[in-house]
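First the structure, in the form of structure tokens, and then the observations on it.
The values are calculated or read from the model by the stated rules, or taken from the named source; none is laboratory data. Quantities reported herein were computed from a predicted structural model and do not represent experimental measurements. Note that we place each Cβ from the backbone using ideal geometry, even for glycine, and neighbour counts take in every protein chain shown. All accessible areas refer to the heavy atoms of the entire protein, side chains included, with ligands and DNA or RNA removed. Shrake-Rupley method; radii C 1.70, N 1.55, O 1.52, S 1.80 Å.
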Amino acid sequence: MAPPITLVSRMMTRLRLVPVALGLAIASLLGIPVLVFVIVSTALIPLWVGVPTVIAAVALSRRFADLHRSVAGSLLGREVARPYRPIGAADNWVARFRIAAGDPATWRDLSWLLSNIVVGLITSILVVALLLGGLFWLLTPLWFALFVPDGGDIQVLGFSVRTEGESWFVVPLGAAELIFWSWVSPRLIWLNATVIAGLLGPTEAAVANTQLTTRVAQLSESRAVSVDTHASELRRIERDLHDGAQARLVALGMSLGMAEETVDDDPEMAKQLLAEARESTTTALAELRGLVRGILPPVLADRGLEGALQALALASPLPVQVAIDLPGRPPEPVESAVYFAIAEALTNIAKHGAADTVWLRLSYSDGKLVAVVGDDGRGGASVEPGGGLHGLERRLAAFDGTLLVTSPLGGPTVVYLEVPCALTAP
């Protein structure tokens, strides 16, 4: 048996549906003049005055439907989206009329206005009527003693009740009706809300089309980001080669040429030039190695993401607590993107975080590679256009990845990376 508190709370929940039902019943009645306005406006279309009035009637019906969508969404616990095509950007009344008339959601609104007059009104009135009827029969002894004169009687289900004592036999009928009301009232409200959501919400085809459009936009954006990132990387490599290794090699060639010219006349100068050439060779090789590491670190190719991050943590000027749990190896492009994203995050922490401790967590679950980089620094980090974190976000977007940053003032700062991918066997 349910505790009394549970029964009371359940009854209070049911009683909260009564004003909702009253409001829906009144709204169902208000839908009649809205429907009449739409029908009359449609009939006036041959006179051309019906074109602007139809637009006004459609706008009114949509406002009316928006109210019901809001109520249905709160009752069902989910949002009921608007399925309409935009008409506000049209240049004239005729264009707006064509858009509104060609929108399937407009005709579904009309079918809802018709059904709401029946379904909405009946379900809402039943919720209120069953409650009032149950209370009426439950309180039969009270109002019988007050309002029925001596010798009078009332009819209950074909039986006559003539005395106050007999009126007590009606009380179980009222209790049974209240129990039935408690059971059926949320179902009636749910039925009405479901009809509203079914007729006023977007169809499955519209939802699929919206999702497809959104996905195409996301892929187009990620493709543009990938192209921009690739172009910027090529420019960086070209700049590094031009300003670094190429300049060193030019200097090397000049030193060798000068040494060749002076080797007979001034051997000491030739030796000095050859030493400079050897130094330029060493510097050029170091710059080329650094450039190659910037493209694909050898440790990442040899030891995978786990080993590369371990090496990255050891090279960090701050102590980094590392916890990695990968059952396999991600694809090489994903490995590279995640590695450089984490490297950038650790570099930002060392430069700007004023932290004492840094932690790095890497795991794989539900088809997604998840990395968390955090520190106990001063906080205040944010993703701003043109900033380092925004660059990480754009880099990960090329792989449908996401980046989230929480960094209140005073810390801690947590950078959350998530990239969908499949792992191969280690």
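It is to be established whether one or more residues within the range 374-383 are more than 25 Å from Asp356 (Cα to Cα), at pLDDT 80 or above, of a type outside the set (A, V, I, L, M, F, W, C) and open to solvent by less than 40 Å² (accessible area, probe 1.4 Å). No: the range 374-383 contains no residue that is more than 25 Å from Asp356 (Cα to Cα), at pLDDT 80 or above, of a type outside the set (A, V, I, L, M, F, W, C) and open to solvent by less than 40 Å² (accessible area, probe 1.4 Å). Are there any pairs, at least 6 apart or on different chains, whose C-beta atoms fall under 6 Å, with the first in the range 256-267 and touching a residue at least 40 places away in the same chain (Cβ under 8 Å) and among the aliphatic types (A, V, I, L, M) and the second surrounded by 14 or more Cβ atoms within 10 Å (Cβ to Cβ) and not in a helix (DSSP H, G or I), and if so, which? Short answer, once both residue conditions are applied: none. Is it the case that the range 372-382 has a residue that's touching a residue at least 40 places away in the same chain (Cβ under 8 Å), over 20 Å from the mean Cα position of the chain (by Cα) and assigned to a loop (DSSP other than H, G, I, E, B)? No: zero hits. Does Pro202 count as at pLDDT 75 or above and not in a helix (DSSP H, G or I)? So Pro202 fits the description; yes. The set of residues in the range 24-60 that are open to solvent by 70 Å² or more (accessible area, probe 1.4 Å) and either of a type in the set (D, E, K, R) or within 34 Å of the chain's Cα centre (by Cα) (or both) contains only Leu60. On the stretch given as the range 408-419, residues that are more than 16 Å from Arg361 (Cα to Cα) and touching a helix residue (DSSP H, G or I) at 6+ places or on another chain (Cβ under 9 Å) total 1.
When residues in the range 301-326 are screened for being more than 15 Å from Ala337 (Cα to Cα) and either surrounded by fewer than 13 Cβ atoms within 10 Å (Cβ to Cβ) or more than 35 Å from the chain's Cα centre (by Cα) (or both), 12 of them pass. With respect to being at pLDDT 80 or above, within 20 Å of Val36 (Cα to Cα) and in contact with a Pro (Cβ under 8 Å, 6 or more places away or on another chain), Ala105 fits the description. Within the range 331-342, is even one residue touching a Gly at 6+ places or on another chain (Cβ under 8 Å) and open to solvent by 20 Å² or more (accessible area, probe 1.4 Å)? No: the range 331-342 contains no residue that is touching a Gly at 6+ places or on another chain (Cβ under 8 Å) and open to solvent by 20 Å² or more (accessible area, probe 1.4 Å).
Filtered by the rule that a residue be out of contact with any Phe, Trp or Tyr (no Cβ under 9 Å at 6 or more places or on another chain), open to solvent by 40 Å² or more (accessible area, probe 1.4 Å) and without any contact (Cβ under 8 Å) to a residue 40 or more places away in the chain, the range 398-424 gives Pro408, Leu409, Gly410, Pro412. Pick out the one residue from Ile117, Ile189, Ile122 that is open to solvent by 50 Å² or more (accessible area, probe 1.4 Å), at pLDDT 80 or above, touching a helix residue (DSSP H, G or I) at 6+ places or on another chain (Cβ under 9 Å) and in a helix (DSSP H, G or I). Checking each option against the conditions leaves just Ile122.
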